[in-house]
1. Take peptide A:43-55, look around each residue's Cβ out to 10 angstrom, count Cβ atoms belonging to other protein chains, and average those counts.
2. Count charges around A:Thr176 for me, please; just the other residues with Cβ under 13 Å from its Cβ, Lys/Arg as +1, Asp/Glu as -1.
3. Using only the Cα atoms of the stretch A:88-135, each taken as one equal point scatterer with no solvent, compute I(q) by the Debye sum, divide by I(0), and report log10 of the ratio at q = 0.13, 0.21, 0.26 Å⁻¹.
4. How crowded by other chains is B:269-278, given as the mean number of beta carbons from other chains within 10 Å of each beta carbon?
5. Quick one: angle between helix B:23-58 and the longest Cα principal axis of chain B, in degrees between 0 and 90, rounded to 10, please.
6. Among B:Pro188, B:Ile65, B:Ala75, which residue has its Cα positioned farthest towards the positive end of the charge dipole of the stretch B:64-223, with +1 placed on the Cβ of Lys and Arg, -1 on the Cβ of Asp and Glu, and the dipole taken about the Cα centre?
7. Given H placed 1.01 Å from N in the peptide plane, which residues other than close sequence neighbours of B:Val199 have an amide H under 5 Å from its amide H?
8. Under a Cβ-only charge scheme (Lys and Arg +1, Asp and Glu -1), can you give me the dipole magnitude of the protein assembly as shown about the Cα centre, in debye to the nearest 20?
Amino acid sequence: MLIELTDIKKAFNQGKPNEFWAIRGVSLRIEQHKVTCLKGSSGSGKTTLLSMIGCLSRPTSGRITLGERRLSGLPERFLTDIRRHTFGFIFQKFNLIQGMSVLENVMLPAYPLGLNYTRLTKDAYRLLDHFNLTSKAENPVEWLSGGEAQRVAICRALINDPEMLIADEPTANLDTRLSEEFMGLIDELRRSGKTVLITSHDPVVFDSPVVDRVIEMCDGLLVER
Amino acid sequence: MIDLIRKQRYLIDFTLSSLLRRKGKNLGLLLVYTLIVFMLASIMLFTHALRQEAGMVLQSAPEIILQRMVAGRHALVPADYLEKMGSLRGVTDKKGRLWGYFYDPTVKANYTMMVDEARGLTAMEVVIGAGIARAKGIGIGDYISFRAYDGDAFSFQVKEIINPVTELVSSDLVLMSERAYRATFGVPDGYFTDIVLKVRNPREVRKIAEKLSMRLPDTRPILREEILRTYDSIFSWRQGIVFVLLAGAILAFVIFAWDKASGLSAEEKREIGILKAVGWETADVLRMKFWEGAVISLSAFILGYLSAYAHVFYGSATLFEPVLKGWAVLYPEFQLTPFIDGLQVATLFFFTVFPYIVATIIPIWKASITDPDAVMR
């Protein structure tokens with residue numbers, strides 16, 4: 001599904017002395033089945049924009065549409081439902097839940113759907129197998145290396161089979177070799193028909209041939225190329 | 001429907017694994033919580049059972065006791081009062097009683113001395129309560145001596161020890177013949193300690209008491225229901241004292257629970273953020289935390305209540321015995337008959353489980369309604 005942003009603005013602490021406009025008017029179309037990279041230095045507003053696209057927060061003004069559906073203005077319940085079915089998230093610090101096993105972490109997004117346990121476990125193992133993690137399934141996540149944790153985060157993002165994958169600075173905690181490996185996995189996902197949106201200021205990501213489009217941001221605005 | 005049940009199962013599953021992840025903290029909380037429920041439930045069960053027990057024992061007591069008063073004090077009743085009161089409709093039996101107290105300096109305890117003609121005791125025989133037998137280390141066939149009013153000492157042979165089932169009220173009791181009683185206390189013939197009346201219809205008791213007061217103006221009728229009420233208030237008063245003593249402990253627990261519940265750790269807040277970001281609804285997070293609160297408080301309630309039950313009905317409430325049973329020196333030893341009052345269980349449940357769940361849910365709700373994008377920062 002096509003995502004379209006029209007004149008999106010986002011303010012933090014609005015009306016207070018420390019009011020700050022993180023996004024100051026962004027209009028953008030994100031193509032389906034493509035890998036798009038939001039590039040920019042820290043504080044440029046790329047994570048804020050990403051979180052609004054992924055229904056994790058709402059814009060202060062402007063319109064976001066997903067296909068025919070207008071996202072901005074939907075109540076929280078509907079946003080959660082869209083988030084659950086449409087987007088899979090990979091966070092900068094992976095955000096795996098400590099103390100739980102790899103398998104449980106992967107299955108976590110599917111718990112509220114009340115799926116059949118056997119089917120869910122089978123799906124989780126299929127993903128873990130695909131990303132070479134089967135042997136780690138029962139291990140607690142704190143035993144994993146950076147690259148393994150990253151792959152577990154990808155599995156978790158894919159468990160509900162979303163159309164779009166959103167990755168925020170996915171290579172920030174990885175060395176060059178693992179970063180390149182990660183881009184290889186992204187390429188694989190694109191080929192399987194997923195739309196991928198990445199924020200990064202890592203050249204391994206935005207210079208990668210896997211990325212179809214690079215959008216540069218600075219001070220809450222798009223930088224025209 | 002199946003999906004909904006499965007969803008709840010997943011949430012409970014996640015909750016249990018969350019609890020296990022913070023084993024130390026949660027076990028500590030469970031322990032303190034259980035202890036509080038245990039103490040409160042012990043007191044409630046114990047006083048309630050005592051009240052019931054006393055009530056049951058007093059069921060067979062006479063409906064009216066008539067005492068003569070001289071200058072506002074209890075005095076001996078002349079035997080002719082039995083005739084003077086005349087015939088009263090509804091009274092099935094009336095008779096004079098002889099009883100009193102005897103202080104035994106050797107065991108530093110007071111005995112209740114009573115005449116019981118129905119047992120056919122000779123002037124040299126007595127029947128004693130189990131408390132006295134224990135305190136003096138005597139049994140059936142042994143001798144017990146009492147120093148009479150005039151300084152003479154009389155020895156009596158123990159014919160029987162009273163059935164321990166009634167020990168709550170018979171622990172310090174000595175039953176003897178009328179002759180032995182009068183010789184020991186110097187109560188002349190023709191006088192009784194008080195008069196007891198049996199009334200068949202409980203609704204007539206008050207009317208009969210009224211008539212007695214009119215016909216014998218220097219007497220005071222004491223009704224059985226008044227005695228029951230006095231017992232009741234004594235037990236309630238003691239229960240109150242223990243509750244006050246426990247208030248400190250309860251307050252400490254409230255602060256502990258509140259701190260645990262309201263002070264969500266950064267890790268817990270982060271977890272809530274992650275769950276919301278990966279697609280959990282606010283309601284799912286709340287449900288999960290509800291299960292967490294419910295698992296802890298219900299386990300604590302059940303464990304605490306069951307151990308209190310065992311403590312009271314199998315362990316004779318060892319911890320609270322001295323303050324709840326009374327000031328007697330000869331403590332009765334008895335097994336209480338288990339009585340459970342549904343309302344009391346509900347009250348305890350309401351005041352322990354309910355506030356905890358609420359205290360846990362509010363801060364979680366606050367944390368879970370924030371935008372999940374916090375995890376991205």
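1. Values: counts 0, 0, 0, 0, 3, 3, 0, 2, 8, 2, 0, 4, 5.
Partner-chain Cβ atoms within 10 Å, mean over residues of A:43-55: 2.
2. In short, -4.
3. So the normalised log intensities are -0.31, -0.81, -1.14.
4. On the way: counts 0, 4, 5, 0, 3, 10, 5, 4, 11, 18.
Mean partner shielding for this stretch: 6.
5. Helix B:23-58 sits roughly 20 degrees off the main axis of chain B.
6. Looking along the dipole axis, the top candidate is B:Ile65.
7. Hits under the 5 Å cutoff: B:Glu63, B:Ile64, B:Thr92.
8. That gives the protein assembly as shown a dipole magnitude of about 1160 debye.
Since every read-out is calculated from the coordinates, none of them should be taken as a lab result. Since the model is a prediction, treat every value here as computed from it, not as a measurement. Note: ideal-geometry Cβ built from the backbone for every residue, glycine included; neighbour counts use all protein chains shown.
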